[in-house]
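K.L.:
Got a structure for you, written out below as structure tokens; questions coming shortly.
What follows is calculated from the coordinates using simple rules that are stated; it is not laboratory data. Just so it is clear, the model here is predicted, and its values are computed rather than measured. FYI the Cβ positions are ideal-geometry reconstructions off the backbone, even for glycines, and counts take in every protein chain you see.
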């Protein structure tokens, strides 16, 4: 029950994007295609979990040695994992890698990853830290998917998924594809989609809590 | 309750003194003053213009009714939705597809106005935001060549404005000469009037370029409601005289823009300083429509006289920069949207003079 609630918190009441407004930069910049944002979600999730796990170990060794050594080691490890994610993505999904550009290496200094890693390094129990990282990553992935689906459907009139068998991987929404609202794919479209979804999330969470302001 | 005796503190520096005139009266009178220019647009462009106006107004009314219903209100009679729809239609070219007009209006009402709480709570002019959204999304709809009742098909309205900008290829000519050299059509009436005037003016060494009469009379490709410059000026003067709008705002806006266009506008053509075609740029594009009817929107403009002056100067400078150096032609709608974002800041610094110090000497 307790362990499950860590993941639920990341998805709902402490959702990184819709409640804490962390991870806005990748959310706005790369969530214009569904498939690209799925790859980005996977990269964030992996970097987040790996960095949290190793930061917990760093925390064990750095206890009593001051914060700076801890920060440096933690940042170094996070940068390693971000680089790994970047190289692996370039090997397995070259198209998505090209579309994501600088945003995967930039995960090294992503505030969500840094924050989770610091929590773990400060001595949060390893199990809890991992579950919280998993929850935050899944919460972010859910946000990315919803935003990207909305922006791609409105801005291109398509939904890009994996090609399976005879299915090319791209769903075309005919009336929208003929005359898409391209502004949805610009930064303003990202802000609008994120804003509306955050408002919706706030309303749902307030209703779920039963009472509120 | 504190010792000062005031228990209710207003959350924002809104006007607290109410006059005898209600908001719907102001809104409907603004809409009324815009109708002659719209009618002229329908006369010049024919039925396509009427369909665009019908689509934008109809969509605005339907969206307003539906979103207000969510709040269990009925707000169509305050005129705000009608005016927004009319403004959107006036800014769109007559060749715009119907669905573009409808979505532009719907975006204006649903996203820009009702999302933030409806009339009086939006921080950006809905009509302009809707049109800019449409222009970003469907730029091809704005690139359709338009012919008027009296002159043949020319360039698309915005392409014409871009072509008239002083560029390296304009060879030191003025804006209208540049357009004429690009094969831009003028009406027969323009040829007669300009020829007659030039014959009279010849002894003075002054010659009007072809198209000068068309520009003033409103016979040119452009947004449906933006071409009738004389009707727009008349409407603006009427609104200012009735105190619906503050005359200071368009005056400062247009003066700043004209000054900058005159001083720096000729640089691109290699004509040096003080050689810009200020008169052309005042009359061309949607500048007059936007300045008189949209920049003066009381919801999205500053409250105090000092703030209004600062806002007008900012508007003029932004319009100049966006029109002469921006990537989208015209510049006026984008300049107002940009300056709308600064209004809360302007209102914070340009406070009215306090007539009496609060008791207790707080702050």
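K.L.:
In terms of the Cα gyration tensor, with a ≥ b ≥ c the square roots of its eigenvalues, is the range B:192-296 rounded because a/c is under 1.5, prolate because a/b exceeds b/c, or oblate?
P.N.:
oblate
K.L.:
When the helices in chain B are scored as -39500 (n - 2.57) per DSSP H run of 4 or longer and the sum is shared across all residues, what 222 nm value do you end up with, to the nearest 500 deg cm²/dmol?
P.N.:
One gets -16000 deg cm²/dmol as the mean residue ellipticity at 222 nm.
K.L.:
Give the relative contact order (percent, whole number) for chain B; include only Cα pairs under 8 Å separated by 6+ residues.
P.N.:
Reported relative contact order: 17 percent.
K.L.:
Follow-up. For the range A:1-122, what class follows from the C-alpha gyration tensor (a ≥ b ≥ c being the square roots of its eigenvalues): rounded when a/c is under 1.5, otherwise prolate if a/b is larger than b/c, else oblate?
P.N.:
Oblate.
K.L.:
Would chain A count as rounded, prolate or oblate if I go by the C-alpha gyration tensor, calling it rounded below 1.5 in a/c and otherwise prolate when a/b exceeds b/c, oblate otherwise?
P.N.:
oblate
K.L.:
Further question: Given points 7 Å out from each Cα along the Cα-Cβ axis, report the residue B:327 to residue B:65 separation in nanometres with one decimal.
P.N.:
4.0 nm
K.L.:
Further question on the same structure: For a quick check, take a GNM of chain A with Cα springs below 10 Å and name the residue from A:59, A:90, A:23 with the largest mean-square fluctuation.
P.N.:
Looking only at A:59, A:90, A:23, the largest GNM fluctuation is found for A:90.
K.L.:
Now for a separate question. Looking at chain A as a GNM with Cα springs under 10 Å, which of A:170, A:114, A:158 has the largest mean-square fluctuation?
P.N.:
In the Gaussian network model the winner is A:170.
K.L.:
Now, a different point. How would you rank A:61, A:18, A:162, going from fewest to most other Cβ atoms within 10 Å of each one's own Cβ?
P.N.:
Fewest-to-most Cβ neighbours within 10 Å comes out as A:162, A:61, A:18.
K.L.:
Note down the relative contact order for chain A as a percent, whole number, built from C-alpha pairs under 8 angstrom at least six residues apart.
P.N.:
Once normalised by length, the contact order is 31 percent.
K.L.:
Simple spin-label model, 7 Å along Cα-to-Cβ: residue A:61 to residue A:106 in nm?
P.N.:
3.1 nm
K.L.:
Taking the Cα of residue A:198, stepping 7 Å toward and past its beta carbon, and measuring to each backbone N in the range A:8-29: which are under 16 Å?
P.N.:
Of the residues in the range A:8-29, A:12-29 have backbone N under 16 Å from the label point off residue A:198.
K.L.:
Right, something else. Please give, to one decimal in nm, the separation of the simple spin-label points placed at residue B:216 and residue A:88, each 7 Å out from Cα toward the Cβ.
P.N.:
Here the modelled spin labels are 7.4 nm apart.
K.L.:
With an 8 Å Cα cut-off and a minimum separation of 6 or more residues, compute the relative contact order for the range B:23-143 in percent.
P.N.:
RCO, the range B:23-143: 27 percent.
K.L.:
Okay, which of the range B:300-317 sit inside 19 Å, backbone N to the point 7 Å along the Cα-Cβ direction of residue B:23?
P.N.:
Within reach of a label on residue B:23, which here means backbone N under 19 Å from a point 7 Å along Cα→Cβ, the range B:300-317 contributes B:300-304.
K.L.:
Can you give the calculated 222 nm mean residue ellipticity of chain A, where each DSSP H run of n ≥ 4 adds -39,500 (n - 2.57) and the sum is split over every residue, rounded to the nearest 500 deg cm²/dmol? Display every interim value, and only then the final one.
P.N.:
On the way: 9 runs with 147 residues, N = 213.
Counting only the DSSP helices, I get -23000 deg cm²/dmol.
K.L.:
Still on this structure, please answer the following. Take the Cα coordinates of the range B:23-143, assign each an equal point scatterer, and use the Debye formula without solvent to give log10 I(q)/I(0) at q = 0.15, 0.16 Å⁻¹.
P.N.:
Ignoring solvent entirely, the Cα scatterers give -0.60, -0.68.
K.L.:
Can you give the angle from 0 to 90° between the axis of helix B:248-264 and the longest principal axis of chain B, with both taken from C-alpha atoms, to the nearest 10?
P.N.:
Roughly 40 degrees between the two axes.
K.L.:
How far is helix B:80-91 tilted off the main Cα axis of chain B, in degrees rounded to 10, range 0 to 90?
P.N.:
On a 0 to 90 degree scale, this one is about 20.
K.L.:
Please rank B:281, A:97, fewest neighbouring Cβ atoms within 10 Å first, as an exposure proxy.
P.N.:
Placing the least packed residue first, the sequence is A:97, B:281.
K.L.:
Where does helix B:188-201 land angle-wise versus the long Cα axis of chain B, in degrees 0 to 90, nearest 10?
P.N.:
Long axis of B:188-201 versus the principal axis of chain B: about 80 degrees.
K.L.:
Test of understanding: ordering B:337, B:98 by Cβ neighbours within 10 Å, fewest first, what list do you get?
P.N.:
By the 10 Å Cβ count, ascending, the order reads B:98, B:337.
K.L.:
At 0.36 nm per residue, and after removing the present C-alpha to C-alpha distance, how many nm does the segment from residue B:123 to residue B:43 gain when stretched out fully? Write out the running numbers ahead of the final one.
P.N.:
On the way: separation 80, 0.36 × 80 = 28.80 nm, distance 3.43 nm.
So the chain would gain 25.4 nm between residue B:123 and residue B:43.
K.L.:
Continuing with the same structure: Just to check, using Stokes-Einstein with a Kirkwood Rh over alpha carbon pairs, what's the diffusion coefficient of the protein assembly as shown at 37 °C and 0.692 mPa s in µm²/s?
P.N.:
Reported coefficient: 121 µm²/s.
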